[in-house]
Amino acid sequence: PLVLFPGDYEFGGAAELVAAAWPAVVARRRAHLCFACRAKTPAAAEARRRIEADLQAAGVGDRATFVGETPFIHDLLAASDLVVLPASSLFAKMDIQLVLLEALALGVPIVIADVDPVREVLDPDLGGADAGLRVPAGDAAALAAAIGDLLDAPARRAAMGEVGRRLVIERFG
């Protein structure tokens, strides 16, 4: 399975959190992580190097790929089994990242941090609860558990994907 992180390396702490969670995810299952991150400032290159080094040090560097910014993000989203973007802050981001809505429109479930305003995408009162999972901000163990649970349940991911498609059409179209 392919897990996609389509965020950035510098803001919101999500890239580091995903990297911290990844060893626990792949300790019990085969999976590959792809970082498709746009460099927002020159400091992004150093942040990427640190994350790559952390994954190598944890012995899971071969289970991650860094593609950077890509004009083929929709293809990458469509090829993914799960999209994770657990940013604890939306500084330097849109309120609801379009890439999350694009993933849902393609039937790919998402895992996000339970922070305002992005939590609204998976708001149970608005029909989004079954399109993905929300995890506590900054909690690598909860993130690893959520990713692992979904990777271990292809039928659940497929059902979430259908809910996500409908959600985008009905609420975000």
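Treating r as the C-beta distance of Leu126 and His32 and R0 as 30 Å, the FRET efficiency rounds to 0.40. Here the range 106-170 was treated as a single set of alpha-carbon atoms; its pair distances binned every 5 Å from 0 give 4, 20, 29, 24, 18, 6, 0 percent. Scanning the chain for chymotrypsin sites (Phe, Trp or Tyr not before Pro) lying in DSSP loops with no more than 14 further Cβ atoms inside 10 Å, the longest uninterrupted stretch between such sites is 92-173. Taking amide H atoms as placed 1.01 Å from N in the peptide plane, the amide H of Phe66 lies under 5 Å from those of Phe35, each 5 or more residues away in sequence or on another chain.
Whole-Å semi-axes of the range 37-173's equivalent ellipsoid, largest first, each the root of 5 times a Cα gyration tensor eigenvalue?
Details: eigenvalues 123, 59, 48 Å².
With the √(5λ) rule applied to the range 37-173, the semi-axes are 25, 17, 15 Å.
Using the Kyte-Doolittle scale, which helices in the chain average at least 0.0 and also have C-alpha atoms spread 15 Å or more along the helix axis, with helices defined as whole DSSP H runs?
The qualifying helices are 14-27, 140-151.
Sorted largest first, the principal axis extents computed over the alpha-carbon atoms of the range 42-85 equal 30, 27, 17 Å.
Every read-out reported here was derived from the displayed coordinates using simple, explicitly stated rules and does not represent laboratory data. Keep in mind the model is a prediction, meaning the values are calculated, not measured. A quick note on method: Cβ atoms are made from the backbone with ideal geometry, for glycine too, and the neighbour counts reach across all protein chains shown.
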